[in-house]
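Undergrad: Okay, handing you the structure first.
Every number in this text was worked out from the coordinates using simple rules, so none of it is lab data. Note that the coordinates shown come from a computational prediction; the quantities given were computed from them, not determined experimentally. Note: ideal-geometry Cβ built from the backbone for every residue, glycine included; neighbour counts use all protein chains shown.
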Amino acid sequence: MAKVHVMVLMGGPSAEYSVSMASGRVVFQALTSLDEFDVDALIIHENGEWQKTRNIPDEAMHPAALVHAAPPRSSTLQGFHLLEDVDIVFLALHGSFGEDGTIQAVLDTLHIPYTGSGALASASAMNKHRAKELFQFHQLPTAPEFYVVPSKMESMGRLIPQIETRLGYPLVIKPNEGGSSVGIHMANNQEQLREALERELRNNVPLMVEKKMLGRELTCAVLEDYDGSTLPLPIIEIVPRTGAFFDFTAKYVEGGSDEICPALIDHKNARHIQDLAVRAHQILGCKGFSRSDFILTSEGPVILELNTIPGMTPNSLLPKAAQVFGLDFAQLVKRLVNLALTPAPESKL
């Protein structure tokens, strides 16, 4: 009986290129080790070229320049031909093109199954402002924000006082779309706020300025079961060792942070956060798995964002939570593949 042909898609035109390569490499190795699948890797290189291979380079992780352009059309069209004989794509793409619904929509058109959420859920989660609007509509606790769109922006002299009046300090400034903490700044005063805005607005992308929530940083992953039910994994507390917050270095450099799983928080808050993670997963219409980030303030948890393709590197949070739950890495990726190949249960409505 022929093995299921899995293509692990990695790389891509985003600031998270190197993170995606690291995720894709360990996913490829894990799936290959199972001897249950016929596994290939498909790399979208930084120059836009697509390469089918079983020899994945080991690259150092670094935040690339913030890129929001799709690969060249000719390279992309040629690349899609490499998917012609696959049974399923394991999406290890992070950031724009891979996590924003773009590749999901194309794979839907080609009738190729893939791991994780569909195009709409992916796009909704990637757009932090839109995701927060949905969370707020469903009464999930979120941080107060000021949304900055470059094309509609007033002068800096008018913008900054509006932000200060609405939010005060301290503040978090971040690109509306993106991940791995690329482009995030903290501001405790007007000078730092101006500097962060001027720096990030050069990329001509919308920004979110949020009131910085003070408290413990936590994350909770959600896995779906084969019957469509959702299962929250153990919560992880993140304590950065380097820098003032969980930045790129703290995320991906060995020893950059302490990640305590299960988090040492009381049962009531733990249950509340797990419930919020499941609700966020369902509100955005996610599929398979997701991971939501929180701050546990003195008044309770606040959801920051939801990731539809969380990192799968050796230091990543989802695999650590799954390990505590009882799934080793190979079992986790096998489960994600099989979930994607399992038909959705019939609606009970």
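Undergrad: Note down the nm distance, to one decimal, between modelled labels 7 Å out along Cα→Cβ at His45 and at Gln78.
TA: 1.0 nm
Undergrad: Which residue, chosen from Phe80, Ala277, Met312, occupies the Cα position most advanced towards the positive end of the dipole of the chain, where the dipole is computed from +1 (Lys, Arg) and -1 (Asp, Glu) charges on Cβ about the Cα centre?
TA: Ala277
Undergrad: Across bins of 10 angstrom width beginning at 0, how are the C-alpha pair distances of the range 145-211 distributed, in whole percent?
TA: Result returned by the calculation: 22, 64, 14, 0.
Undergrad: Going by Cα centres, the range 262-288 and the range 82-139 are how many Å apart?
TA: The range 262-288 and the range 82-139 have Cα centres separated by 21 Å.
Undergrad: Restricted to Cα positions, what overall size does the range 91-239 have along the principal axes? Three whole-Å values, descending.
TA: Largest first, the range 91-239 extends 52, 34, 28 Å along its Cα principal axes.
Undergrad: At q = 0.10, 0.12, 0.15 Å⁻¹, what base-10 log of I(q)/I(0) does the Debye formula yield for the chain when every alpha carbon is treated as an equal point scatterer in vacuo?
TA: -0.59, -0.86, -1.35
Undergrad: Compute the FRET efficiency between His129 and Gln192 as 1/(1 + (r/R0)^6), taking r as their Cβ-Cβ distance and R0 = 35 Å, and round to the nearest 0.05.
TA: 0.95
Undergrad: Something else about it: When a/c reaches 1.5 or more, the comparison of a/b and b/c decides; with that in mind, is the range 4-114 rounded, prolate or oblate per its Cα gyration tensor?
TA: Oblate.
Undergrad: log10 I(q)/I(0), Debye, Cα-only the range 262-349, no solvent, q = 0.12, 0.13, 0.23 Å⁻¹?
TA: -0.44, -0.52, -1.32
Undergrad: Calculate, for Leu120 and Asp227, the FRET efficiency according to 1/(1 + (r/R0)^6) with r their C-beta to C-beta distance and R0 25 Å; round to the nearest 0.05.
TA: For R0 = 25 Å, the calculated efficiency reads 0.65.
Undergrad: Could I ask something else about it? So between Thr342 and Asp328, what do we pick up on full extension, going 0.36 nm a residue minus the alpha carbon distance?
TA: Stretched fully, the Thr342-Asp328 segment lengthens by 3.0 nm.
Undergrad: Still on this model: For every helix of n ≥ 4 consecutive DSSP H residues, a contribution of -39,500 (n - 2.57) applies; sum these over the chain, divide by its total residues, and give [θ] at 222 nm rounded to the nearest 500 deg cm²/dmol.
TA: That calculation yields -10500 deg cm²/dmol at 222 nm.
Undergrad: Treating only the Cβ atoms of Lys and Arg (+1) and Asp and Glu (-1) as charged, compute the dipole magnitude of the range 4-114 about its Cα centre; round to the nearest 20 debye.
TA: The calculation lands at about 260 debye.
Undergrad: Beyond 19 Å between alpha-carbons counts as too far, so tell me which of Lys128/Lys211; Lys132/Lys211; Lys287/Lys334; Lys3/Lys287; Lys3/Lys334 fall in that bin.
TA: Exceeds cut-off: Lys3/Lys287.
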